[in-house]
C-alpha cells in the first residue's frame, strides 16, 4: 500500500479512536499496536515494551514532575491572590491598573506554576469578582483571565516547551528563553485590548483604581518576593551553567514546598498529600503520553509514513510561507480538540522534517506552535480555560466568556503574524544568552 494512503488511514483511525473517549495515551497505543500487527505481524508487539520504556529513559524528563510539583505547591496556597493584590496596590495609579494587574499577575503566576488552568483558577478567584464589583464588563473580566491563563504554556518554565524539546531533541534552555519576549509581547497585546475594551464601554471611572498607602504596598511584598526569587534563581542556575534544567527544577520544587509550608502554613499532612497526589497524577499522565507517542512515532517511521509525507511536501512547488500557513491551520484545528502535550508529541515526528526542509528554525517554530496551542485553550469545543472560568464564576454565561475571549484570540493570531515577519522576537534572546547555533 502507498505510504501516503496508509498515512491517511492512520490519521482517520487515530481521530476515530481519540474521539471515542479513550485517553490519549491509550488511544495512541491501540492505533500503533493495531497497524504494527497488520503490516509487520505479531512479533512487532515484542518491541513495544522496549520502545515504551526506552522513551522514558531520559534524564531531562525528571524536570517535568519537578516543575509540576513546583506549580502545584504554589497553586495550593494564596500565592496567586497575594500576587494579584500586590500588583493591584503597586499599579493603582496606572490608568486601568486593575485589568493590568490581572494580566500581570497571570504572567507572573504562569512563570511560577507553568499551568494554564492553575493560573486561571488562582488569579480568577480574586480578579474576576473584584473587576465585576468595580463595574468592568463581564466579557472583559472573564476573557482577560481566560486569555492570561494561556500564558502558562509559553512563559518559562513551561512543561509544554520541555515536552517539545524532548520530542524534537532541541535545547530546553533555548526553548525557555525563546518564550520570554513573545510572552511579554502577548501580555502587552492583551493589556492594550483590555484597556481599549474598557474605555469603549464608556465608563472612564473604571480606569481609575482606589488608592493605597505605602505601608499597604510594602506589607504584602514579603509573601510574594520569595516565590519570585525562586523563579529568578532557577533561571540563573540554568543559564549560568550551574545546573541542568532537571536539577534546577528539583531544587525549585523543594524550595517552593518549603516556602508554602513556612509562609502559608501548609503544615497539614492532608494538604501536602493533595499537592503530591495531584502532581503525581498529572506527571504520570504526561509521561504516559510521551511513552505512547514514542511507540506511535516508531509505527509511523517503520511503515515509512513520516518519510513519505516529508518527501511529498518537499516536491510541492509552493511558497514556504503558504506551507507554514497550512501547518498553522492544522495545529489550530488539532488544538481545538486535544491537549497541547498530545498535539506536540503526535505532530512533531511529521512536522519537524518538513519545517527544517523548508528552512524554518525549530526554536522559532516551537513558539509559533505553543501560541497555536494557547488559542486552543480558549476555543471551543474543548477550551479548557473557558470551563475553568465558568467554574469560578458560574453566573457568567459560557457564551459571554467565549465572546470575551475571542479578541484575545485575535491578539494571539497577530502575535503569530509578527513572529513570521520578525522571527528574531523568538530567536534573538536564546542566541544572545547561549550563543548562535551553527
Residue 400 passes all but one of (1) more than 21 Å from the chain's Cα centre (by Cα); (2) buried (at least 20 other Cβ atoms within 10 Å of the Cβ); which number fails?
(2)
Search segment 340-378 for residues being surrounded by fewer than 22 Cβ atoms within 10 Å (Cβ to Cβ) and either on the phi > 0 side of the Ramachandran plot or not in a helix (DSSP H, G or I) (or both), and hand back the single one that is modelled with the lowest pLDDT.
358
Number of the condition not met by residue 393 [criteria: (1) more than 19 Å from residue 176 (Cα to Cα); (2) under 18 Å from the mean Cα position of the chain (by Cα)]:
(2)
Note on residue 355: of the conditions (1) more than 19 Å from residue 175 (Cβ to Cβ); (2) over 15 Å from the mean Cα position of the chain (by Cα), unmet is (1)
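So that you can scan it fast, the table gives a plain yes or no per residue for (1) closer than 30 Å to residue 233 by Cα; (2) touching a helix residue (DSSP H, G or I) at 6+ places or on another chain (Cβ under 6 Å); (3) at pLDDT below 85:
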| residue | (1), (2), (3) |
| --- | --- |
| 252 | yes, yes, yes |
| 256 | yes, yes, yes |
| 259 | yes, yes, yes |
| 262 | yes, no, yes |
| 273 | yes, no, no |
| 286 | yes, yes, yes |
| 294 | no, yes, yes |
| 301 | no, no, yes |
| 305 | no, yes, yes |
Among the residues of segment 221-275, which ones are assigned to a helix (DSSP H, G or I) and exposed (fewer than 15 other Cβ atoms within 10 Å of the Cβ)?
221, 222, 225, 229, 232, 236, 258, 262, 269, 270, 273, 274
Would you confirm whether any residue within segment 206-213 is surrounded by 20 or more Cβ atoms within 10 Å (Cβ to Cβ), in contact with a helix residue (DSSP H, G or I) (Cβ under 7 Å, 6 or more places away or on another chain), at pLDDT below 80 and part of a loop (DSSP other than H, G, I, E, B)?
yes
Tell me, yes or no, whether segment 121-130 has at least one residue that is touching a residue at least 24 places away in the same chain (Cβ under 8 Å) and over 21 Å from residue 224 (Cβ atoms).
no
Residue set 382, 409, 388; condition modelled with pLDDT under 85, under 21 Å from residue 334 (Cα atoms) and outside any loop (DSSP other than H, G, I, E, B); output residue 388
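Quick grid of which residues meet (1) part of a helix (DSSP H, G or I); (2) over 14 Å from residue 288 (Cα atoms):
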position: 29; (1), (2): yes, no
position: 43; (1), (2): yes, yes
position: 46; (1), (2): yes, yes
position: 53; (1), (2): yes, no
position: 56; (1), (2): no, no
position: 64; (1), (2): yes, no
position: 73; (1), (2): yes, yes
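Can you name every one of the helices (runs of 4 or more DSSP H) wholly within segment 106-172 that holds 3 or more residues which are within 13 Å of the chain's Cα centre (by Cα) and more than 17 Å from residue 402 (Cα to Cα)?
Hits in segment 106-172: 159-168.
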Testing residue 35 on (1) over 27 Å from the mean Cα position of the chain (by Cα); (2) surrounded by fewer than 22 Cβ atoms within 10 Å (Cβ to Cβ), one condition comes back false. Which one is that?
(2)
Which condition from (1) closer than 29 Å to residue 421 by Cβ; (2) modelled with pLDDT under 85; (3) loosely packed, with under 14 Cβ neighbours inside 10 Å is the one that residue 197 breaks?
(3)
Does residue 45 satisfy the condition of being within 13 Å of residue 300 (Cβ to Cβ) and out of contact with any strand residue (DSSP E or B) (no Cβ under 7 Å at 6 or more places or on another chain)?
no
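The values are calculated or read from the model by the stated rules, or taken from the named source; none is laboratory data. No experiment lies behind these values; they were computed from the predicted model shown. Note that each Cβ is placed from the backbone with ideal geometry, even for glycine, and that neighbours are counted across all protein chains shown.
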